[in-house]
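*Asks:* Before I ask anything, let me first share the structure, which is written out below as structure tokens.
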């Protein structure tokens, strides 16, 4: 995938609204057929970035390059891009069929071909029987599919999706997530998807780009950004995590011992980029923490503690553990196939984790 | 908790709410009462009474000497105690009234066409204008409505007169050699009627355009539609329901044209609205006057019905 030329290049793009910087020198490459997620909290600049790619906003500086062509000054109707809006923006006065034919009509496709291609696109999203309905007669999920069919029908260079599932209820969102991914693979279209939902991003993306405050923090595969976040914000934004701050006490080979605030010592593997005295943020994911009644053997970090709070979540239980002799609360999650949490409030236990599962970020 | 329990206990003991509490769900209608009574007393009731008058036999003559005291032989504005459709039949069969009716409809259509052709582009320009220009333009549109209607019409009379500003300008520019007759004819009638109606038409269309979802335009252009294509395939069709409301207001208003034909027209260009006071006060024929008024009402109702039919059958997507 990476050896081919990128379909889309975002080069040092900045967007200012008055004195406010919405997007700050963001660079990004998206490859042919790739499903890239732009993720971040609201106001992080992800939607503005998407709108600049689509031609709805003009960058203040930097370049948007699509298939080797600089697009900054190309009006949006001359870019071959398919954008799906959060509100779907279906034309209420046109039937489903006419909505889907719209992009072909503007491209001067002949009527009979238009009709056939629209039918084919509707078949892809499994809506072929509803072509004579008006958008007001469709459910939320059906509208969503029409919005998709309407842009994939003219085979755009890039598909842009702006929080496409945000207006659907949880159950439908989960279904559409799978369908959307399948459809994207089937059509093989290069896609940029904006969301604030980390679950959506982790489950669907080829790569995830995490943004905050107009800056692009990290780009990588879901497992890269989840397991090896290079930034404290990335670590906390994607998934649950317990973070501590500490100073490196000693370094032996590729193992470092970190003295954490509160009198705790944590050992971690490192990439030979830390030395004694460095200040680090240490993160541990709750699901990487093992809990047991007796101290486990051959595990690097073992801490005795007391359960302070149990959150029952059906498939797993989340414990808040007060670590003995220091002022630290640790989160640990336990898969519970039996349906019952092993420990209850006040239980004594040992929390442990492998040193490979410690994430450290230099400050 | 304690109060709820106490209430429950009271009810079990056969507690019954007083009339004041039992009527509580209906108190909201008191809010409607002042306006409701006003409408019933000063609109619905006189209208019904007028309808009754239109079904009396008319005295049939005109001129002076009739309309004496009620109950006197040959007196009154109509023959009391009679029921007849003669007034309506007469209006529809008499060539004099037929001409007036046809002209009223023709004039309404002319005014509506001119108004719509001027209003839509203006409304669209206001819609597209920047925030500051938009406010200025809207004030300009509303301004004529803040002045007295008669001032406006008389002002127009002066402006369009043979030695008025318009003719002087035409002469100055050498477009004409002698003053063109612009006043007391169809030109002055149409100009004044359009000026009286158009602020409402523009405001309704402007409001409609502002009510459209701007992402629809974004979507259309994103799919490759040029700005012109976007207008004709998205903006314009979606503005039609509201534009039809504007058209409805315009045509209903134009059908009731009174001031323009009365002050800027001539005796050959008269409308039904002018004929109502003429029959009622000049001919002292209340029965025929009322019948004309009800024919106008029927015409306007017909326009509203046609409008509803267009909305329901031609624009199914609005459902």
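*Asks:* Let me know the shape class of region A:186-296, please: from the alpha-carbon gyration tensor, a ≥ b ≥ c as square roots of the eigenvalues, rounded when a/c is under 1.5, otherwise prolate if a/b is greater than b/c, or oblate.
*Replies:* The shape class here is prolate.
*Asks:* Does anyone have the angle between helix A:140-152 and the longest principal axis of chain A? Alpha-carbon axes, 0 to 90°, nearest 10?
*Replies:* Helix A:140-152 and the main axis of chain A meet at about 70 degrees.
*Asks:* Continuing with this model, one more query. R0 = 45 Å: FRET efficiency of residue B:236 with residue A:236, Cβ-based, nearest 0.05?
*Replies:* Plugging the Cβ-Cβ distance into 1/(1 + (r/R0)^6) gives 0.35.
*Asks:* Hey, fewest Cβ within 10 Å first, where do A:242, B:82 land in order?
*Replies:* B:82, A:242
*Asks:* Starting from the Cα-Cα distance between residue A:250 and residue A:73, subtract it from 0.36 nm times their residue separation and give me the gain in nm to one decimal.
*Replies:* 58.2 nm
*Asks:* Report the residue, chosen from B:53, B:252, B:151, that carries the largest GNM mean-square fluctuation when chain B is represented by alpha-carbon nodes joined by springs under 10 Å.
*Replies:* Per the Cα network of chain B with a 10 Å cutoff, B:151 tops the list.
*Asks:* When the Kirkwood hydrodynamic radius is evaluated over all pairs of different C-alpha atoms of the protein assembly as shown, what value in angstrom, to one decimal, is obtained?
*Replies:* Roughly 33.1 Å, rounded to one decimal.
*Asks:* Find the all-direction average of the projected area of the Cα convex hull for region B:168-319, expressing the result in square nanometres with one decimal place.
*Replies:* One quarter of the hull surface, i.e. the mean projection, equals 13.9 nm².
*Asks:* Measure nothing but the geometry: give the 0 to 90° angle between the long axis through the Cα atoms of A:96-105 and the longest principal axis through the Cα atoms of chain A, rounded to 10°.
*Replies:* 80 degrees
*Asks:* I need the semi-axes of the equivalent ellipsoid of chain B: take the C-alpha gyration tensor, multiply each eigenvalue by 5, square-root it, list largest first in whole angstrom.
*Replies:* Semi-axis lengths for chain B are 43, 40, 19 Å.
*Asks:* Take residue B:82, project a point 7 Å from its Cα along the Cβ direction, then tell me which residues of region B:287-302 have their backbone nitrogen under 13 Å from it.
*Replies:* B:287-288
*Asks:* What list do you get for A:53, A:189 if you sort them by fewest beta carbons within 10 Å?
*Replies:* Exposure proxy ranking, most exposed first: A:189, A:53.
*Asks:* Still on this structure: What does the structure give for A:123-136 when I average, per residue, the other chain Cβ atoms found within 10 Å of the residue Cβ?
*Replies:* Taking all residues of A:123-136 together, the mean is 1.
*Asks:* Where in region A:58-98 does the label zone of residue A:27 land, with the point 7 angstrom along Cα→C-beta and an amide N cut-off under 19 Å?
*Replies:* Within reach of a label on residue A:27: A:59-72.
*Asks:* Summarise the partner chain shielding of B:224-234 as one whole number: the mean count of Cβ atoms from other chains within 10 Å of each residue's Cβ.
*Replies:* Partner-chain Cβ atoms within 10 Å, mean over residues of B:224-234: 4.
*Asks:* Output needed for region B:100-146: three equivalent-ellipsoid semi-axes, defined as square roots of 5 times the C-alpha gyration tensor eigenvalues, in descending order, whole Å.
*Replies:* Semi-axes (√(5λ), whole Å): 30, 13, 4.
*Asks:* Got the relative contact order for chain A handy, in percent, Cα pairs under 8 Å and 6 or more residues apart?
*Replies:* Relative contact order for chain A comes out at 15 percent.
*Asks:* Please determine, in degrees from 0 to 90 and to the nearest 10, the orientation of helix A:111-124 with respect to the longest principal axis defined by the Cα atoms of chain A, where the helix direction is its Cα long axis.
*Replies:* 20 degrees
*Asks:* For chain A, what ratio Rg/Rh do Cα atoms give with a Kirkwood hydrodynamic radius?
*Replies:* In chain A, Rg relative to Rh is 1.06.
*Asks:* What does the helix-only formula give at 222 nm for chain B: each DSSP H stretch with n ≥ 4 adding -39500 (n - 2.57), the total divided by the residues, and the result rounded to the nearest 500 deg cm²/dmol?
*Replies:* Estimated from H runs of four or more residues: -20000 deg cm²/dmol.
*Asks:* From the C-alpha coordinates alone, can you work out the Kirkwood hydrodynamic radius of region A:90-169, in Å?
*Replies:* Kirkwood hydrodynamic radius for region A:90-169: 12.6 Å.
*Asks:* Using the count of nearby Cβ atoms within 10 Å as a rough guide to exposure, how do A:56, A:319 rank from fewest to most?
*Replies:* Lowest to highest Cβ neighbour count: A:56, A:319.
*Asks:* Across peptide A:76-88, how many C-beta atoms of other chains are within 10 Å of each residue C-beta, on average?
*Replies:* 4
*Asks:* Given R₀ = 56 Å, what would the calculated FRET efficiency be for residue B:312 paired with residue B:178, taking r from the Cβ atoms and rounding to 0.05?
*Replies:* The pair residue B:312/residue B:178 has a calculated efficiency of 0.55.
*Asks:* Let me have the relative contact order for chain B, percent, based on Cα pairs under 8 Å that are six or more residues apart.
*Replies:* 24 percent
*Asks:* Need one number: nm distance between label points at residue A:347 and residue A:86, each 7 Å from Cα along Cα→Cβ, rounded to one decimal.
*Replies:* In this crude spin-label approximation the distance works out to 4.1 nm.
*Asks:* Give the relative contact order (percent, whole number) for region A:164-224; include only Cα pairs under 8 Å separated by 6+ residues.
*Replies:* Once divided by the residue count of region A:164-224, the mean separation gives 21 percent.
*Asks:* Let me ask another. Return the FRET efficiency for the residue pair residue A:197, residue B:109: r is the Cβ-Cβ distance, R0 is 56 Å, and the value is rounded to the nearest 0.05.
*Replies:* 0.45
*Asks:* How big is region A:209-363 in terms of Cα radius of gyration and Dmax, in angstroms?
*Replies:* 16.0, 47
*Asks:* With each run of n ≥ 4 DSSP H residues scored as -39500 (n - 2.57), what mean residue ellipticity at 222 nm is computed for chain A after dividing by its residue count and rounding to the nearest 500 deg cm²/dmol?
*Replies:* Taking each H run of at least 4 residues, the total per residue is -7000 deg cm²/dmol.
*Asks:* Using a basic spin-label model with each label point 7 Å from the Cα along Cα→Cβ, how many nm lie between residue A:60 and residue A:311?
*Replies:* Distance between the two pseudo-spin positions: 3.8 nm.
*Asks:* What whole-number value in cubic angstrom gives the convex hull volume per residue for the C-alpha atoms of region A:134-183?
*Replies:* 79 Å³
*Asks:* May I ask you to list the residues of region A:231-251 whose amide nitrogen lies under 15 Å from a point 7 Å from Cα along the Cα→beta-carbon direction of residue A:259?
*Replies:* Within reach of a label on residue A:259, which here means backbone N under 15 Å from a point 7 Å along Cα→Cβ, region A:231-251 contributes A:245-251.
*Asks:* What is the distance in Å between the Cα centroid of region A:115-182 and that of region A:4-76?
*Replies:* Centre-to-centre distance over Cα atoms comes out at 24 Å.
*Asks:* Please work out the Kirkwood hydrodynamic radius for region A:143-239, using every pair of different C-alpha atoms, and report it in angstroms with one decimal place.
*Replies:* Here the Kirkwood hydrodynamic radius works out to 14.4 Å.
*Asks:* Something else now. In what sequence, highest mean first, do B:162-169, A:161-168 appear when ranked by Cβ atoms within 10 angstrom?
*Replies:* By packing density, highest mean first, the sequence is A:161-168, B:162-169.
*Asks:* If I model a spin label at residue B:300 and residue B:38 as a point 7 Å from the Cα along the Cα→Cβ vector, what separation in nanometres do I get?
*Replies:* Placing both labels 7 Å along Cα→Cβ, they lie 1.8 nm apart.
*Asks:* By per-residue mean of other Cβ atoms within 10 Å, what is the highest-first order of A:351-359, A:146-154, A:100-108?
*Replies:* Top to bottom by mean Cβ count within 10 Å: A:146-154, A:100-108, A:351-359.
Read the figures in this text as sums done on the coordinates, not as results from a lab. On a predicted model such as this, the values are computed, not experimentally measured, just so you know. Every residue, glycine among them, receives a Cβ derived from its backbone with ideal geometry; neighbour counts consider all protein chains shown.
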